[in-house]
Amino acid sequence: MSEAYERERQNNSRLDELASKVSALRGVTIDIYDNARDTAVIDNTSETFSTFGSSLKGSATRLGRMAQSGNKVAVLKLAGILVGLVLVLYWIWHLLF
């Protein structure tokens with residue numbers, strides 16, 4: 001009977017060790033998943049900024065062509081956009097600092 005009790009105690013000890021290893025593995029798996037999700041968010045944000053940069057470059061090119069055409073209304077629109085942009089940036093600067 002003593003031998004059976006000793007084996008049961010060893011089995012319980014091994015089962016506890018196995019449970020702690022499974023728990024550690026689960027923690028590592030969750031950390032890997034969180035890291036992969038964060039990387040996907042960073043990639044998505046980077047792609048969004050890249051698209052925004054391309055769009056902004058295209059808009060600037062179109063505004064430059066419009067200004068070169070010599071159309072007075074187009075030049076006034078461009079000047080209004082630039083003044084508005086400066087005012088918005090000035091307002092944001094004072095809002096943050």
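For region 18-77: of the residues being among the basic types (Lys, Arg) and at pLDDT 85 or above, which is farthest from the chain's Cα centre (by Cα)?
Lys21
Considering only region 25-64, state which residues are closer than 30 Å to Leu82 by Cβ and of a type outside the set (Gly, Ala, Ser).
Thr45, Glu47, Thr48, Phe49, Thr51, Phe52, Leu56, Lys57, Thr61, Arg62, Leu63
Please list, ordered by first then second residue, the pairs with beta carbon atoms under 6 Å, 6 or more apart or interchain, first in region 72-92 and farther than 18 Å from Leu56 by Cβ, second part of a helix (DSSP H, G or I) and modelled with pLDDT under 90.
Correct list of pairs: Ala74/Met66; Val75/Ala67.
The values are calculated or read from the model by the stated rules, or taken from the named source; none is laboratory data. Worth saying up front: this structure is predicted, and the values here are computed from it rather than measured. Note that each Cβ is placed from the backbone with ideal geometry, even for glycine, and that neighbours are counted across all protein chains shown.
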